[in-house]
1. Using 7 Å Cα-to-Cβ label points, what is the Val13/Glu110 separation (nm, one decimal)?
2. Taking N as the number of residues in the stretch 12-142, what is its Cα Rg relative to 2.2 N^0.38 Å?
3. Can you tell me the FRET efficiency between Thr150 and Tyr122 if r is taken as the Cβ-Cβ distance and R0 is 41 Å, rounded to the nearest 0.05?
4. Indicate the helices, whole DSSP H runs only, in the chain that combine a mean Kyte-Doolittle hydropathy of 0.5 or more with a Cα extent along their long axis of 15 angstrom or more.
5. Kirkwood Rh over Cα pairs of the stretch 30-84 into Stokes-Einstein at 20 °C, 1.002 mPa s: D in µm²/s?
6. So how many Å³ per residue does the convex hull of the Cα atoms of the stretch 81-149 work out to?
Amino acid sequence: MQTIASFQIDHDVLTPGMYVSRVDGDVITYDLRFKRPNAGDYLENGALHTIEHLFATYARNSRFGGQVVYFGPMGCRTGFYLLVRDALSAADAIALTQEACAFIEAFEGEIPGAQRRECGNYLEHDLPGARREAAAFARRIADWTPERMTYPA
């Protein structure tokens, strides 16, 4: 079998940030890398799960919502994938991510979609952890530009 594209990225040089992972027709996949790979510091499951719920809810309800295809976690627990239609510019994808992180950082209340009937693991959420991780990522990408969205070599 051929090695898939995401496994061809040198994870030893990859640092936290926002990158274009791939382009498939009119869908762009962004790599939102919260943690440095293989560094021993990973997103805790509860925080990761809560970020997933809050980011997806925010993104799909934002002014960019019609362009959002998917948002979900990486199995390695170092970040997330954001899939959008190519009508959404790279600058707007950055803005959406910055806004979603600010929303998560300030969020208080009941986590959307976290009731038993709505979620397959409704007990595993960590809002304080999600807020911490979103704040750290927001600081990391505060001055991010489309020119910085290429994976490091």
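1. Taking the simple label geometry, Val13 and Glu110 are separated by 4.9 nm.
2. Details: Rg = 14.0 Å, N = 131, 2.2 N^0.38 = 14.0 Å.
Here the answer is 1.00, to two decimals.
3. On the way: r = 38 Å, r/R0 = 0.93.
Result of the calculation: an efficiency of 0.60.
4. Details: long enough: 45-61 (24 Å, -0.25); 90-106 (24 Å, 0.94); 127-140 (20 Å, -0.56).
Flagged H segments are 90-106.
5. On the way: Rh = 11.6 Å.
Using the Kirkwood radius from Cα pairs, D works out to 185 µm²/s.
6. Numbers: hull volume 7.6 nm³, N = 69.
Each residue corresponds to 109 Å³ of Cα convex hull volume.
Values in this text are rule-based calculations from the coordinates and carry no lab data. Quick caveat: nothing in here was measured; it's all calculated off a predicted structure. Heads up, the Cβs are rebuilt from the backbone with ideal geometry, glycines too, and the neighbour counts pull from every protein chain shown.
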